[in-house]
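Structure, as structure tokens:
Values quoted throughout were computed directly from the atomic coordinates according to the rules given, and no laboratory measurement underlies them. Quick caveat: nothing in here was measured; it's all calculated off a predicted structure. As a convention, Cβ positions derive from the backbone with ideal geometry for all residues, glycine included, and neighbour counts pool all protein chains shown.
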Protein chains: 4
Amino acid sequence: MSLPQTNFKPPFNITRASHLVFTSRDLAKSRDFYTEVIGLKVSDETATTIHLRGVEERAHHSLTLKRTKDEPGCERVGFRVFDEEDLEKAKSHFDRNGIAAKFVNVPFQGRTLHVCDTAGTPLEFCARMKTLPRVQTQTHTHKGAGALRMDHYQVLVPDVAAAAKFYTELGFRVSDYICAGGDRIIGIFLYRKNNPHDMVFLTRSGPRFHHFGYIVHEMHHAVRALDAAGNLGFGENIEHGPGRHGHGHSYYVYLRDPDGHRLELLLPAVQIIDIDDEPMRYDVKPGNTNLWGLPPPRSWFEETSPLIGAKVMAPGTQGDSLTLEKYLFAKGPDAAPVKKRA
Amino acid sequence: MSLPQTNFKPPFNITRASHLVFTSRDLAKSRDFYTEVIGLKVSDETATTIHLRGVEERAHHSLTLKRTKDEPGCERVGFRVFDEEDLEKAKSHFDRNGIAAKFVNVPFQGRTLHVCDTAGTPLEFCARMKTLPRVQTQTHTHKGAGALRMDHYQVLVPDVAAAAKFYTELGFRVSDYICAGGDRIIGIFLYRKNNPHDMVFLTRSGPRFHHFGYIVHEMHHAVRALDAAGNLGFGENIEHGPGRHGHGHSYYVYLRDPDGHRLELLLPAVQIIDIDDEPMRYDVKPGNTNLWGLPPPRSWFEETSPLIGAKVMAPGTQGDSLTLEKYLFAKGPDAAPVKKRA
Amino acid sequence: MSLPQTNFKPPFNITRASHLVFTSRDLAKSRDFYTEVIGLKVSDETATTIHLRGVEERAHHSLTLKRTKDEPGCERVGFRVFDEEDLEKAKSHFDRNGIAAKFVNVPFQGRTLHVCDTAGTPLEFCARMKTLPRVQTQTHTHKGAGALRMDHYQVLVPDVAAAAKFYTELGFRVSDYICAGGDRIIGIFLYRKNNPHDMVFLTRSGPRFHHFGYIVHEMHHAVRALDAAGNLGFGENIEHGPGRHGHGHSYYVYLRDPDGHRLELLLPAVQIIDIDDEPMRYDVKPGNTNLWGLPPPRSWFEETSPLIGAKVMAPGTQGDSLTLEKYLFAKGPDAAPVKKRA
Amino acid sequence: MSLPQTNFKPPFNITRASHLVFTSRDLAKSRDFYTEVIGLKVSDETATTIHLRGVEERAHHSLTLKRTKDEPGCERVGFRVFDEEDLEKAKSHFDRNGIAAKFVNVPFQGRTLHVCDTAGTPLEFCARMKTLPRVQTQTHTHKGAGALRMDHYQVLVPDVAAAAKFYTELGFRVSDYICAGGDRIIGIFLYRKNNPHDMVFLTRSGPRFHHFGYIVHEMHHAVRALDAAGNLGFGENIEHGPGRHGHGHSYYVYLRDPDGHRLELLLPAVQIIDIDDEPMRYDVKPGNTNLWGLPPPRSWFEETSPLIGAKVMAPGTQGDSLTLEKYLFAKGPDAAPVKKRA
């Protein structure tokens, strides 16, 4: 399996992971979670929809929650293109390649193009969005994590190299990739902005939406979010962490929102810009891959938000990940976690 | 079961939890752990003994490690008394009460009195110790957590009220206590200094030494310790946390040293001084008692350092604690943590 | 001049610096400042009085503001004694020594004793105060610095050794003292609690109240207070810092409240308990005495809160302190700070 | 005066501010300063040259210091272009426009192009540089600020709009600009990378190099740098701060290296990518323009590093900036900062 090569002359200019649309069964509870624990600001809300943004964001929304009575899921995964001309180029590109793409109207956004990637992830592209003042210096109004801005998405797919190829052809570069069992690529980290990242694929049945990441300023902001979670009835929503990823990645903590959608709070990652920055390869080794912190629990590996309308396919070979449960089981004196001891 | 009452006119003046003596099978490895991860300073070392102190400590040592070929354990649990006169009063007090107490010579310490508490914990008291300059402002020389100072001990005993009575008669106050199944007291937090704490008892077979705590200045110091642990081969020594205790207690992380001795890094706790500060009662409730953070793993509940020479007794009734293993088991879809899922 | 010696068998047991009473010309503005910037909690308020406490404090108030139309000042400097019996002992002690002392009623406090120290500082002692729940773990309700607790006072007096003697006879110990021009003592740091400090005297005309200190948890809490000050119209109230004191002391920032009363936000200081902890002597050296940070501006040296009712006396010899103004003047190319340069 | 417009189809692709070349009279002392206080890593050193990089940087150097016996200055201001092809395009562009540009060999760099901007700033462009492993996760090896990466430059020029035009024609965007006396533009912040910034111009005689900025991870890293400065004899090198800039910019502290070259340690700034992000205009208002923190001292306004070989020109109109000296003078009781007061 080979790593897809970046097309440095892409047909149009995608600039960044910018916004998500999720459905929710309880908007009021989600609003509490996102404003009091994560610290997002409400840009607009109605009885059926809430638009939220990070405290640093000038863009009107990076997270849209829509009321549903069905199973909550991810409706759209949004990216920005640089300008309106790029939308036209995008439409032509998809038409040329026989990929269904159509322009739609989305509130608070400029002209918006809907398309699915080759894995089936429902995407949308826009160049413009209503703007609001950044409030990152108004720290006396910040709550919880005071999350700064949307950072990246992680999607599970059966074939990460095939999924990533859609993006590398559109100019995405690979910062890191993970190999297992020799050269089988099981994870790819992709970016357009240089902070990075924008999109991450891991091998599992899919496409399924795994998590999105918001940047927090300093570690104590993540800690304040966890205090808020504990104090406000969301303590069980803390799924994994705090810890520090292996592979040079940042400090993290994962939470589940009231509908089970997973988000990561992470500190600013490294900057990657130079042509010298070749993709870094990491080989899966036995044991905990974190620099520190326990392995993720099984729920982290298995539970996801459905991508609404996408058909889930299973991979040919699936990883046998080290869950926290297996980790503790392997460390423990025997297989029965409830057995009493002296 | 009733909470023992503080004797506010104690026979002698104990001022604080001050120093511990542990045995170690590999002094070089322990030295690495304590200097590079925890950030203690070496005050003195020979082929068989290392004396360590926190960066804020003017006292020569708060942790003494002695080489052993046997099972590593805790040899002495040390407290300071205010002055030499208090040592004489202590000796008289113990003699009067038929408790064996003898003066011994300990390097770098003033006259030192050995005695066991009623639970069997081997204690030592001294009023003086060689002093060395505090180096807390020399932050460019600090490593890992840059641990400031010894804070408290936790000892497991079959009968916490009986064990605590020894201390309350010596002037210790109770900040908090934990009840289960109505009025059965299963945990008691005791203090003499006002930062607090000094000694904590939890109900289990014992006496067994559970952990000692060092204060760190800010949360990022704990994070730097965890980074150091991960980078220097001590990643598996992180046992539990970071998290925040319930009951108004502080942020914590627990690590195991190379011999399995457990220590807690914690942020400064509240100050308790006033007579108004009545002991706070907490009743065990089902579920995770942390403000946030996963429950401790089973090892935290079960594994301890033996108190050298102490005879271990089992309690009449033992708690059925929520371990991380049970917590995950209860959350999971079924009892078999290794079972594959879609 | 010699350092007064601590009486280790004091006539009664003072436990800590606990509360202040100030007058204010604009209660509403002061309330804003203390709740939004410093992060104190309002325990009680009427049209004429506000009682405030730190987020960690169980005691009803550590700061009382009373409305005035006169020049704002400090009405009382409060200390806790351990219990009611100590109040009786205190009264007897002062009576015996011909020092006027009388019991008064103060809202929310137990029996309260008024007395002046030998420098003329109006003090009050009480053993009990109404209690309220500590809210230090409710970080989602904290604002600004989220100040934890009252820590210490600094008072300017003409003769620091004479002023300190009143306190050392009551059991206060000296952590540090500052000498100038040989053995002339110009500053003394006194403590009863072991965190420390409780009372500091510096040589100037006096008695005049210089500042009080509240402990903040971590440096980022001080930074959040400064952001709040800047955003809420109190930016000019930041007088000095952030910086780090010399002499092993902590990080600091000084602010002036709307009436000009000065407070310090500082991080937890070292713990001092042991008999080994002899007073540390520091000799004034030319130049900036901070570990880092600019010298304080002239206002810091000269402006104070009057101690209501106290008669101000000038010292025999006054220090010639390095103000920020002199520091910049000495560094600059010439004496005229407004002169234009290329 | 009008703001120069960005050419969104630039003749070649500059990606970021990447490296500087300074001369130094005392390499050993500078090495100490940059490694112990700022926390840079030495990538290579000889008797006459030191190459340094931030802990996050994969590029071999972001700061080169060359030994000199002359007045220390800035020899080159370096930018990265995306690839080798961009260097060819750059050469053609400059040739076409009659701007002298020549290829040179620089150790550890790919082909490098020397050219001066229209203000006379000596620049160099390269696409490639030797790489070394990033060490940002090896926090146990970090010292002082553990500075992450080079961020931006500030250059003083007589005509900021003219100076900026060179850059906007090469694709730089304007994040903010500062106007005085109506529409006279006196400051322009330019960027290519999206973190931002890369180049800042302020109006003064010039071109003169004012400062460069390194990003630090969290505020406590800046504090550790200040502690290190104070402890290691560089306390007087702290020129200004810590404080928080107005205009939505970040926390900062300015230091002077042993040769007087000025650097800023700053926290990560906002991300700016979208076409919606129109330049923000700020109008100079009387008083301190910081969100908090004292105004900069006169030295900050007046002292610079000479750009070696550049001819300094004076501006038509120069700002009358609020220095710390003027600020204190205006606040003080009279014009004589050394006058004694009671």
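Side notes on the structure shown:
- Once you reduce the range D:186-218 and the range B:277-314 to the center of their Cα atoms, the two points are 54 Å from each other.
- For the Cα trace of the range D:198-342, dividing Rg by the Kirkwood Rh returns an Rg/Rh value of 0.99.
- For B:Met313, the label point sits 7 Å beyond Cα toward Cβ; its separations from the matching points on the remaining copies run 6.3, 6.9, 9.3 nm, from shortest to longest.
- According to the Kirkwood relation over distinct C-alpha pairs, the hydrodynamic radius of the range C:101-149 is 13.5 Å.
- Axis-proximal residue, chain C, for the rotation superposing C on A (Cβ, Å): C:His220, 3
- The orientation-averaged shadow of the Cα convex hull for the protein assembly as shown, equal to a quarter of the hull surface, comes to 51.6 nm².
- For peptides C:116-124, A:196-204, sequence by mean Cβ density within 10 Å, most packed first: A:196-204, C:116-124
- Shape call, the range C:57-104: gyration tensor on alpha carbons, a/c limit 1.5: oblate
- Per residue of peptide A:125-137, the mean number of Cβ atoms on other chains within 10 Å of the residue Cβ is 3.
- Kirkwood hydrodynamic radius computed over chain D comes to 20.6 Å, based on all pairs of distinct alpha carbons.
- Remark: label point of B:Lys69 defined 7 Å out from Cα along the Cα-Cβ vector; separations to the same position in other copies 6.7, 7.8, 8.9 nm, ascending.
- Rounded D (µm²/s) - the range D:133-248, Kirkwood Rh over Cα pairs, Stokes-Einstein at 25 °C, 0.890 mPa s: 151
- Cα-Cα pairs of the range C:9-64 separated by more than 15 Å (percent): 50
- For B:Gly182, the point set 7 Å out from Cα toward Cβ sits 6.8, 7.6, 8.9 nm from its twins in the other copies, listed from shortest up.
- Shielding score for C:289-300, defined as the mean number of other chain Cβ atoms within 10 Å: 5
- For the range C:144-179 versus the range B:77-118, the spacing of their alpha-carbon centroids is 33 Å.
- Overall shape of the range A:115-197 was characterised from the C-alpha gyration tensor. The equivalent ellipsoid obtained from it has semi-axes of 31, 17, 11 Å, in decreasing order.
- Cα shape, the range A:194-278, gyration tensor, a/c 1.5 rule: oblate
- Taking 28 Å as the straight-line reach from the Cα of D:Lys9, the lysines in range (excluding those fewer than 8 positions away in the same chain) are A:Lys9, A:Lys89, A:Lys91, A:Lys102, A:Lys130, A:Lys165, A:Lys193, D:Lys89, D:Lys91, D:Lys102, D:Lys165, D:Lys193.
- Averaged over the residues of B:169-175, the number of partner chain Cβ atoms lying within 10 Å of the residue Cβ comes to 0.
- Positive-end residue, chain C charge dipole about Cα centroid, Cβ charges, pick of C:Ser62, C:Cys126, C:Phe33: C:Phe33
- Normalised by 2.2 N^0.38 Å, where N counts its residues, the alpha-carbon radius of gyration of the range A:267-318 equals 1.66.
- Expressed per residue, the C-alpha convex hull volume of the range A:53-170 stands at 147 Å³.
- Lysines whose Cα lies under 18 Å from that of D:Lys326, excluding same-chain neighbours fewer than 8 positions away: C:Lys326, C:Lys331, C:Lys339, C:Lys340, D:Lys285, D:Lys339
- 18 Å Cα-Cα reach of C:Lys29 towards lysines, excluding residues that sit fewer than 8 places from it in its own chain: C:Lys41, C:Lys66, C:Lys69, C:Lys143
- Whole-percent P(r), the range C:1-129, all Cα pairs, 10 Å bins from 0: 12, 39, 31, 15, 3.
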